[in-house]
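Asks: Sharing a structure here in C-alpha cells format.
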Ligand code: SF4
Ligand code: SF4
C-alpha cells in the first residue's frame, strides 16, 4: 500500500460538521457535553473522544465586513512525527508509525504518565495529542481499519462538498498544488500548510493564524523549537564537540 495523505480544501468547507460526526460514529466515541459559548464551534476543543473538530473563526473581511473561516482540525500524520520521537524516549511502542500508509497511531493498550504526556503534547506543532482519564492517548487514526480494507476515512466519505480528499500522497500533493494555482487567481495569500512535512495538507486563503493558532508549524521542519534545537545539538554532543 502506498504512502497516503489527506487534502483539505478549506475554500470548499461549509462547516456542516458531517466529518466531525462521522469520525465520532466510526470510532464509537461518545458525544461531548457542551454549553452555548456564543460560537458555532462545538465542542470547544479536541479531546480523547473528539478526534476531529471543525474550528470556526470570525475575522474582519474587506471594508470591515465579518468573514467566517472554517478549519476541520485533525492529526497531520507528520512525515517525521515529533510526538513519536518524544514518546519513544518514554514508553516503547506508545506511538506507532505505520510504514505502509504513513499513519501515526497512538497505541490504545499503552498507558502514559501525565508528565510524559505533557512533553508529548508539547512536541506536537499542531497541538493534537489528548489523553483520557484512564491515561490512554487518543487522536485521529487515519481510519486505518477502513483504509486497509480499501475504504475511505469516514470523514472523507461523508464530506458533501468535496472539501476533503484522501488517497496516494503523490496524487494528493498534485491535487493540492493544482487547486492552489486556481485559488491564487482570486486569493493572493493562498497557501498550502506545511505540505512537505505532513500527510494532512490544508489549503488556506489567508494568514493561517486567522484560522487557528496551531494551523501551521512554528517552523518549516514541522517540529517545535525545543525539539529542533535538541536535534541539532544531539549529534554534536555525540561527537563530543560540546560538553
Ligand atoms: S500532528 Fe502531532 S500528533 Fe499528529 S503525527 Fe504530527 S506530531 Fe504527532
Ligand atoms: S464534512 Fe466537509 S464541508 Fe462539512 S465540515 Fe467537514 S470538511 Fe467541511
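Asks: As I understand it, the value is the acute angle between the Cα axis of helix 169-184 and the longest principal axis of the Cα atoms of the chain; what does it come to in degrees, rounded to 10?
Replies: 40 degrees
Asks: Let me ask something else about it. With 10 angstrom as the radius, rank 11, 141 by how many other C-beta atoms surround their C-beta, starting from the fewest.
Replies: 11, 141
Asks: Let me see the pair-distance distribution of the chain: every alpha carbon pair, 10 Å bin width, integer percents in order.
Replies: Bins of 10 Å from zero give 7, 30, 37, 20, 6, 1 percent of pairs.
Asks: Please say if the range 84-152 is rounded, prolate or oblate, where rounded means a/c under 1.5 for a ≥ b ≥ c the square roots of the C-alpha gyration tensor eigenvalues, and otherwise the choice is prolate for a/b larger than b/c and oblate otherwise?
Replies: Prolate, since a/c reaches 1.5 and a/b exceeds b/c.
Asks: Can I ask one more? If you average 1/r over every pair of different alpha-carbon atoms in the range 146-201 and take one over that average, what Kirkwood value in Å do you get? Please report the intermediate quantities before stating the final value.
Replies: Numbers: mean 1/r = 0.0792 Å⁻¹.
After inverting the mean inverse Cα-Cα distance, the result is 12.6 Å.
Asks: Next question. Residue separation times 0.36 nm, minus the C-alpha to C-alpha distance between residue 60 and residue 185: what's the value?
Replies: 42.9 nm
Asks: What's the exposure ranking of 199, 121, 76, going from fewest to most Cβ atoms within 10 Å?
Replies: So the residues, fewest neighbours to most, are 121, 199, 76.
Asks: Need one word for the range 1-63: rounded, prolate or oblate. Basis is the Cα gyration tensor (sqrt eigenvalues a ≥ b ≥ c); a/c below 1.5 gives rounded, then a/b vs b/c decides.
Replies: oblate
Here, each number is a calculation from the coordinates, and none is a lab measurement. Being a predicted model, the structure only gives us computed values, none of them experimental. In this analysis, Cβ positions are derived from the backbone assuming ideal geometry, glycine residues included, and neighbour counts consider all displayed protein chains.
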